[in-house]
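Enquirer: Can you read through this structure? Questions will come right after.
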Amino acid sequence: MNGTGTANGTANGTANGTANGTANGTANGTAKGTASGTGTSTGTGTGTSTGTGTSTGTGASTGTGTGAETGTDPRVGAGAGPRTGNDERLRRWRLVLGGGEADGTGCSLAGTDSAMDGALTALYGRGTKSSTGRDRSAGLGASAPSVARWLGDIRTYFPSSVVQVMQRDAIERLGLSTLLLEPEMLEAVEADVHLVGTLLSLNKAMPETTKETARAVVRKVVEDLEKRLATRTRATLTGALDRSARISRPRHRDIDWDRTIRANLKNYLPEYRTVVPERLIGYGRAARSVKKDVVLCIDQSGSMAASVVYASVFGAVLASMRSIATRLVVFDTAVVDLTDQLDDPVDVLFGTQLGGGTDINRALAYCQSQITRPADTVVVLISDLYEGGIRDEMLKRVAAMKASGVQFVALLALSDEGAPAYDREHAAALAALGAPAFACTPDLFPEVMAAAIEKRPLPVPDTL
């Protein structure tokens, strides 16, 4: 770098190596951000001076006379110092791509980042070479200890929501279902609805030594769901039950103004522009006696696992309400009535048998036979509608129930999993009968039930 002297002969390139044009020797783009410099300078009394200086830093770059020194530090990971926004983006892409010649990031990982990469590689590797030259291929080994260690790692490095996704992917991609039959494995996993579904599918193959641990895992998930869903469900349905009961001498706060105005339109006085309410219509208060019958008819085919879990929890919540008589029926090609187990949803879940065929017509025939008060009954069919039985008979039963006054609700799924796969032809046929079929989240379900109880249009989402 060249330094120029000032008019009074003072040399700006001083003996300590600070050269004019390099400012204070700060190098932008090095890991530490500070460059040291050495230099010599001479000045003459005539007012001219020359100074020379060089600045070197930890980055591979050379300073210019403007004082701007540019460079990049290729290190990303533990010990590399504060990261810029670009460094963080490269780090994330490196973890996603898994290293190797084709990742294009040029970043290496160390410390915690390297351990995270190892956990991801074990699950999502594709047989490519890592940056260390080793094969990046998926695999956790067949032993429970190695899987247990991996489960511990991912719980250390990732948040709970990510851990649940990775566990589900490991079960599906690497065939780890059988390892869940070992108690020590169940104690290591992060429990969620999807894990419960997997355990239920393994129920019949589960040894007795594992069943108690499995029940503890399932109970934890069920209790968490009940805490989340029960209060709101009870409050929503209690309000719906109150509104569904009409009385003719209501207190002021219980008047249903919409119905009252419609009933008294004949008493409209144009000169006063008002309606004289000769007859008041109000909401009743739900008595302790049973006001509504609810039948939950649940498809227990393998694809409906999450829906079975949520439906069982909701069934237990509904059964705890004195004003609702709840019946829970599960089916594949056979029909099983689990109503007597509704006081414990864990018993309900372990009474199901996920997998097998589907005979919706047979299940609806059984539910229809249990209806004694059609006008006060809500039937909720939870199924993807892939019918293995007699399609026309199924549709005739739905039509007959609706004609008798039953409120019929068809849910393609009761879960947070998004749009499900379903039989579109059967869904369209039900819609033509006035029973739209749609996917429902657990948060929406109380509103759906409230609408059915009040016999008003269901809150059908815009899209599945």
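The values are calculated or read from the model by the stated rules, or taken from the named source; none is laboratory data. These numbers were taken from a predicted model, which means no experiment stands behind them. Please note: Cβ atoms are built from the backbone with ideal geometry, for glycine as well, and neighbour counts cover all protein chains shown. Just so you know, the surface numbers come from the protein's heavy atoms only, side chains and all, with ligands and any DNA or RNA stripped out. Shrake-Rupley method; radii C 1.70, N 1.55, O 1.52, S 1.80 Å.
Enquirer: To the nearest 0.05, what FRET efficiency results for ALA334 and ARG232 with a Förster distance of 45 Å applied to their C-beta separation? Let's see the in-between values first.
Expert: Details: r = 34 Å, r/R0 = 0.75.
Step by step, r from the Cβ atoms, then E = 0.85.
Enquirer: Would you mind estimating how fast region 271-399 diffuses translationally, via Stokes-Einstein at 37 °C and 0.692 mPa s with the Kirkwood radius over Cα pairs, in µm²/s?
Expert: In µm²/s, the coefficient rounds to 202.
Enquirer: Ignoring ligands, DNA and RNA, what percent of the 1.4 Å accessible area of region 333-444 is carbon and sulfur?
Expert: 49 percent
Enquirer: So, one more: Convex hull volume of the Cα atoms in region 314-464, per residue, in Å³?
Expert: 115 Å³
Enquirer: Can I ask one more? Can you give the Rg/Rh ratio of region 147-237, where Rg is from the C-alpha atoms and Rh is the Kirkwood radius? List each step's numbers first, then the result.
Expert: On the way: Rg = 14.3 Å, Rh = 14.0 Å.
So for region 147-237, dividing Rg by the Kirkwood Rh gives 1.02.
Enquirer: In addition: Going down the table (LYS227/LYS292; LYS402/LYS455; LYS291/LYS455), which pairs top 18 Å between alpha carbons? Each step should come with its number before you reach the end.
Expert: On the way: LYS227/LYS292 24 Å; LYS402/LYS455 12 Å; LYS291/LYS455 14 Å.
Those over the limit are LYS227/LYS292.
Enquirer: Once amide H atoms are built 1.01 Å from N in the peptide plane, which residues 5 or more positions from MET321, or in another chain, come under 5 Å H to H?
Expert: Those qualifying (amide H under 5 Å, at least 5 residues apart or on another chain) number zero.
Enquirer: What would the Debye equation give as log₁₀ I(q)/I(0) for region 405-464 at q = 0.12, 0.13, 0.27 Å⁻¹, counting only Cα atoms as equal point scatterers?
Expert: Per q value, in the given order, log10 I(q)/I(0) is -0.27, -0.31, -1.26.
Enquirer: Also, quick follow-up: Calculated FRET efficiency, LYS396 and GLU88, Cβ-Cβ r, R0 51 Å, to nearest 0.05?
Expert: FRET efficiency, LYS396 to GLU88: 0.25.
Enquirer: Separate question: Between THR156 and SER114, with labels modelled 7 Å along Cα→Cβ, what's the label distance in nm to one decimal, could you check?
Expert: Those two pseudo-labels are separated by 1.4 nm.
Enquirer: Okay, moving on. Calculate, for ASP343 and GLU417, the FRET efficiency according to 1/(1 + (r/R0)^6) with r their C-beta to C-beta distance and R0 30 Å; round to the nearest 0.05.
Expert: Values: r = 28 Å, r/R0 = 0.93.
It comes out at approximately 0.60.
Enquirer: Take GLU212 and GLN370, extend 7 Å from each Cα along the Cα→Cβ direction, and tell me the distance between the two endpoints in nm.
Expert: 3.3 nm
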